[in-house]
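Enquirer: Here it is, the structure in full.
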């Protein structure tokens, strides 16, 4: 009986191990298929005219590059201090089991689960219509800041909670105030996770399109003159080119966008490891 039960356990664990490996292979295969397909279709059409030329007989993504940069700066300028500050308040000034903490966490989880098109509709009704921003980069950037805010809050909170309590107590024992302990001890120790969360938020900004269709205006052939003017982004250019008879440019823009997203994720991983080693060395 014991031998039979042992054999059944071995077979069960072997089947689970095989299933998990098969799932991993399937996930990697799907990711690889998408990357290879985009590269094969578009890498041959990436040229200087597409990247940096003027929009004329041949399309250019130069307005999209600048528009994407502006959107990143606007969204991070708003979401980073608010998100990090909210996480600091939740971890350092409230009880993790208090009603306020639970309400804020439920709100953050709810916001994180809302489809991006709903954020776009909100941005359109509030910033484009009600506040009179019209289609503009500033309206799209603020909407993106609201969208990435729960991601920054939750990721930063997890990084702060991972800082050992002994470091805080040691700082208090040396006579440091609460604020000094947060800025001199807690935040530097959690810097790796915070920076990683911000960079991953940038990746979501770069790849977002549904929000921007309703707030930015998708003007692909003109450089934005200011933050109050309409514009475009790389993701919007992919949509525009594919739906207006520019399949080669759409594929090439997809390659640029793919490389940018991959680069952002590699940068996030590298900075997280680098800052993590720095924290260990300082510790």
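No lab work stands behind these numbers, since they all come straight from the coordinates. Just so it is clear, the model here is predicted, and its values are computed rather than measured. With ideal geometry, Cβ positions are generated from the backbone for all residues, glycine too; neighbour counts draw on all protein chains shown.
Enquirer: Could you name every one of the helices (runs of 4 or more DSSP H) located completely within segment 112-206 that has at least 1 residues being touching a strand residue (DSSP E or B) at 6+ places or on another chain (Cβ under 7 Å) and either closer than 24 Å to residue 233 by Cβ or without any contact (Cβ under 8 Å) to a residue 60 or more places away in the chain (or both)?
Expert: Numbers: elements: 116-123, 137-161, 165-173, 178-181.
Ranges flagged: 137-161.
Enquirer: When you look at residue 39, is it in a helix (DSSP H, G or I), under 32 Å from the mean Cα position of the chain (by Cα), touching a residue at least 24 places away in the same chain (Cβ under 8 Å) and closer than 16 Å to residue 257 by Cβ, yes or no?
Expert: Numbers: in a helix (DSSP H, G or I): yes; under 32 Å from the mean Cα position of the chain (by Cα): yes; touching a residue at least 24 places away in the same chain (Cβ under 8 Å): yes; closer than 16 Å to residue 257 by Cβ: yes.
Here the answer is yes, as residue 39 does meet what is asked.
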